[in-house]
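The values are calculated or read from the model by the stated rules, or taken from the named source; none is laboratory data. Since the structure is predicted, the reported quantities are computational estimates derived from the model, not experimental observations. Counting neighbours? That spans all protein chains shown, and the Cβs are built from the backbone with ideal geometry, glycine included. With ligands, DNA and RNA removed, areas are computed over all heavy atoms of the protein, side chains included. Shrake-Rupley method; radii C 1.70, N 1.55, O 1.52, S 1.80 Å.
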Amino acid sequence: MGGERSPDGTGRPGRGTGRALVPVLLAAVLALPAPPAQAAPSGREAVRSGADSGGTAADAGGSGAARPAPAGPPSTAPARHTVTLLTGDRVTASADGAQVTVTPGAGRAGIRFTTLRAGGRQLVLPEDARPLVTAGLLDRRLFDVTELVRAGYDDARSPGLPLLVTRRGADPAAGLTGPGLRTTARLPHAGAVTVTKSAAPAAWAAIRSQRAHLARIRLHTPAAPAPGPGSTATSGGASGQGSDATSGGASGPASTSASGGAGPAAETHTLTVRHLGPDGRASSVAETMVLDLTGDVRAVLSDAAGTSSAELPRGTYVLVADVVDFGDTDSTWHRLVQPELVLDRDATVTVDARRSAPVRTSVPRPDARTALVDLGFDRRDGDRPGFTLSLAADGFDGLYAGQIGGDVDATRMTGYLASTWGVPGPRGDFADTPYTYGLLDTRPGGFFTGLDRTVAEGDLAAVDTRLVAQVPGRPATKAHFATAPGVTGTLAALLPFRLPARTVHLLDAGDTQWSGAFGENVPGPGGLPTEVTALGQGYRSYRAGHRYTDRWNAAVFGPMFDFAGHAGRRGDTVWFGVPMYSDQDSHRGGSLTDTASTLLYRDGVLLARSGAGNLETEVPPGPGTFRVEKRTTRPSFSDLSTRVDSVWTFRSDTAGEAGESFPLWAVRYAPPVDDHNRVRPGPVTVLPVTVMSQPQARVGAVRELAVEVSGDAGRTWRPARVVPAGGAGYRAVVATPPGAASLSVRAVLVDTDGNRLEQTIVDAYRYASRERDR
């Protein structure tokens, strides 16, 4: 029998029992060009593809696909925000939605999540909150990560989550009582209540215990008025746009305007859905989401009698039905999807759980367990933005899938099943797993009706991976997330390691492409990891049966260009977002910093400054000589690359609509560091050096390259002899500074067009026998 293996050999590990909390990573790769073509391995091969925008620790991940020549300011240096949901589950997301991690709250192991990404918004809905959202008790915006960040309720800016609570009975403004709940004001028809995020799981339990006495819980935003009489939703039945369209009560993460092929607003039809359970009888534990083709939730149909109806505009819809006892983490989950429903007349759809079948996968290694299963689909509508919807669980046990109706064209929909596996270890948290499996199955044109896959080792590629330490013993996380034709993003588990570490990633080959993500961490609020250095890798494919090598977090950390558009100009709009902490193996990197600044000069006059390490501004039209100074420090977070400064000088003129990439250079270093980022010193240091320019920029040939080194953290410098080594490579040769604990490097590069770089990296790498005491 297929399915995940379990200690008792039954393939049923028992959902929600004995499982540690494993964060999951969502890669949303929307509207990006195709990833680079497959690279053929030659024996053991180093993986050296680039990653996404840099600047802060959170900026390294997401898609690493190559970008086109700049058409305007790219989304450089998106900030990472962590949001604690009302349920106590924590979601961490980059501002552009490229990466999302979901960690169940304390005592909530085994909770399953529905994720919906549409219209630039991200919804993360825990299973035990769904019935209360459907009934109209809970405002859906409480689970809209994009809205929570926009309103300023991310964890960095708000220790609490403000609510407007309307109670049933004579005193609607009485608020809430219980652990983690504080009533702060009595407003007309509602009480203002703050949930203390650190106690959110207990507060959620108190809210659920009082739900019979509650009429409505809304997100309290500064622009949201207190609800008046009659503003509460009706429990049960269909939840559509109604009075919640503006408050997000039942609307999806996109707007609620008629879309998805909807006709005139006056033409509507009745959609009736009958829910049948596994026994063939009407099911009271089921609901169907009705989405238009943009991903807007137009109705949620659920009723204790098993049948529910909604009046909807004429149009084309997608139905996502779940037959499950929400909140019971041991209950069987039947997900059925109708890829397309053309509503041009009244219609009745029967959701029959018996039409679903088990979804399961078996892998060869007997000690492997699933860390994450992600069952979802991407739905597209020609050239218009579509949406992605998925169900995340910690295993295959009790997971069923089925399709209602026929397929659509393969260009319009792709179902997928992704899973991440490892060795759970004694704590069940997959720490230091010696290997992982990364699997992705797809179904073009529709959704799965069951799946039973048996994986053979020969179907996969093996990537031998070294995780190098900046600070030995520090925790780290590592993930691989997948894409494939028709699949824009999947979830993957962030698995913990203690640095330095080694592991082997066993990955699906062929059309599946993989992007790695790594973070060296320190404990953050609530014990969750906070990334000190975050590294990302571009998507690439692998060949089945071949072996590859990969290394992460190796010094020297410094500036790098991996696509056209890190810095440039369109018209007279200038932007600058060069990643400053990419590792030796060209994984784009960002870091937490003590200080960061970017200064922009034109003809010696300061035009703009930024304290965030990135900059966008308007400049006077016409030509000029520009100087950009980008400086960062991070001694509080790492003793490697404690200071990174780059000063670029170049000419630029008003650019056309297509934009231009600035003619910038970077100098990269490749010392032979060990797993602790140390080099054993000899009497002479021979340091491999490479120069690189921003892709698609018009630069001259290298006319001058000078390198200096320091053994006292940049207080004194001595010149190195620079010897060409072919192509863009050089060797910097210098007597090793006596008594040095680390080596710092400084370079000046000038090309034949007059473009100039002055780059300094203090504490570039450590010496093994002279390392500072730790």
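Among Thr716, Thr533, what's the order by accessible area (1.4 angstrom probe), most exposed first?
Working: Thr716 85, Thr533 0 Å².
Descending accessible area places them as Thr716, Thr533.
Quick check: net charge around Leu506, other residues with Cβ under 11 Å of its Cβ, Lys/Arg +1 and Asp/Glu -1? Please list the in-between numbers first.
Values: positive: Arg365, Arg547; negative: Glu457, Asp459, Asp464, Asp508.
Summing Lys and Arg as +1 and Asp and Glu as -1 gives -2.
Which FRET efficiency, nearest 0.05, do His269 and Ala410 yield, Cβ-Cβ r, R0 30 Å? If you can, show how the numbers build up before the last one.
Working: r = 28 Å, r/R0 = 0.94.
Calculated transfer efficiency: 0.60.
Counting Lys +1, Arg +1, Asp -1, Glu -1, what net charge surrounds Phe387 among other residues with beta carbon under 13 Å of its beta carbon? The partial results should precede the final answer.
Numbers: positive: Arg117, Arg121, Arg298, Arg379, Arg380, Arg384, Arg412; negative: Asp292, Asp296, Asp378, Asp381.
It works out to a net charge of +3.
When the Cα centres of the stretch 431-445 and the stretch 586-633 are compared, how far apart do they sit, in Å?
40
Would you be so kind as to identify which of Asn677, Val699, Tyr767 lies farthest towards the positive end of the dipole of the stretch 643-774, taking Lys and Arg as +1 and Asp and Glu as -1 on Cβ and the Cα centre as origin?
Tyr767
According to a simple spin-label model (label point 7 Å from Cα along Cα-to-Cβ), what is the distance in nm between Ala156 and Thr196?
Computed distance between label sites Thr196 and Ala156 equals 2.5 nm.
Roughly speaking, what is the stretch gain from Thr183 to Ala768, that is 0.36 nm per residue apart minus the C-alpha to C-alpha distance, in nm to one decimal? Before the final figure, lay out the partial values.
Numbers: separation 585, 0.36 × 585 = 210.60 nm, distance 5.77 nm.
Separation in residues times 0.36 nm, less the Cα-Cα distance, equals 204.8 nm.
Provide the gained length on full extension for the span Arg721 to Arg680, in nm with one decimal, where the gain is 0.36 nm per separating residue minus the Cα-Cα distance.
Details: separation 41, 0.36 × 41 = 14.76 nm, distance 2.04 nm.
Fully extending the segment from Arg721 to Arg680 adds 12.7 nm.
So for the stretch 623-682, considering every pair of alpha-carbon atoms, how many percent are separated by more than 20 Å? Each step should come with its number before you reach the end.
Values: 937 of 1770 pairs.
Pairs farther apart than 20 Å: 53 percent.
May I have the convex hull volume per residue, in Å³, for the Cα set of the stretch 299-441?
Normalising the Cα hull of the stretch 299-441 by residue number yields 149 Å³.
Tell me, in nm to one decimal, what length is gained between Ala706 and Asp279 on full extension, where the rule is 0.36 nm per residue of separation less the Cα-Cα distance? Walk me through the intermediate numbers first.
Details: separation 427, 0.36 × 427 = 153.72 nm, distance 7.74 nm.
Contour length minus the Cα-Cα distance gives 146.0 nm.
Need one number for the stretch 268-354: average projected area of the convex hull over its C-alpha atoms, nm². Working shown, then result.
Numbers: hull surface 21.6 nm².
Averaged projected area of the stretch 268-354's Cα convex hull equals 5.4 nm².
If I model a spin label as a point 7 Å beyond the Cα along the Cα-Cβ vector, how far apart are those points for Ala305 and Glu657 in nm?
Simple spin-label model gives 5.8 nm for this pair.
Quick check: net charge around Thr411, other residues with Cβ under 12 Å of its Cβ, Lys/Arg +1 and Asp/Glu -1? Write down the numbers at each step before the final one.
On the way: positive: Arg379, Arg380, Arg412; negative: Asp378, Asp381, Asp383, Asp407, Asp409.
For residues surrounding Thr411, the net value is -2.
In whole Å, how far is the Cα centre of the stretch 661-739 from that of the stretch 486-526?
After rounding, the separation between the Cα centres reads 31 Å.
Skipping prolines and chain starts, which residues have an amide H placed within reach, meaning under 5 Å, of the one on Gly489, given they are 5 or more residues away or on another chain?
Val29
Applying 1/(1 + (r/R0)^6) with R0 = 51 Å to the Cβ-Cβ distance of Asp594 and Thr350, what FRET efficiency is obtained, to the nearest 0.05? Mind showing how you got there, number by number?
Details: r = 61 Å, r/R0 = 1.20.
Computed FRET efficiency for Asp594 and Thr350 comes out at 0.25.
Between Met692 and Glu457, what is the FRET efficiency for a Förster distance of 45 Å, r being their Cβ-Cβ separation, to the nearest 0.05?
Details: r = 38 Å, r/R0 = 0.83.
That gives a FRET efficiency of 0.75.
Could you pull out the trypsin sites (Lys or Arg not before Pro) across the stretch 329-372 that fall in loop regions by DSSP (anything but H, G, I, E, B) with no more than 12 other Cβ atoms inside 10 Å?
Details: sites: Arg335, Arg345, Arg354, Arg355, Arg360, Arg369; in loops: Arg345.
Hits after loop and neighbour filter: Arg345.
Given the whole protein assembly as supplied and a 1.4 Å probe, what does the accessible area of His546 come to in Å², nearest 10?
His546 exposes around 60 Å² with every protein chain in place.
In whole Å and largest first, what semi-axes does the C-alpha gyration tensor of the stretch 567-767 yield when each eigenvalue is scaled by 5 and square-rooted?
Numbers: eigenvalues 191, 72, 39 Å².
Each semi-axis is the square root of five times an eigenvalue, giving 31, 19, 14 Å.
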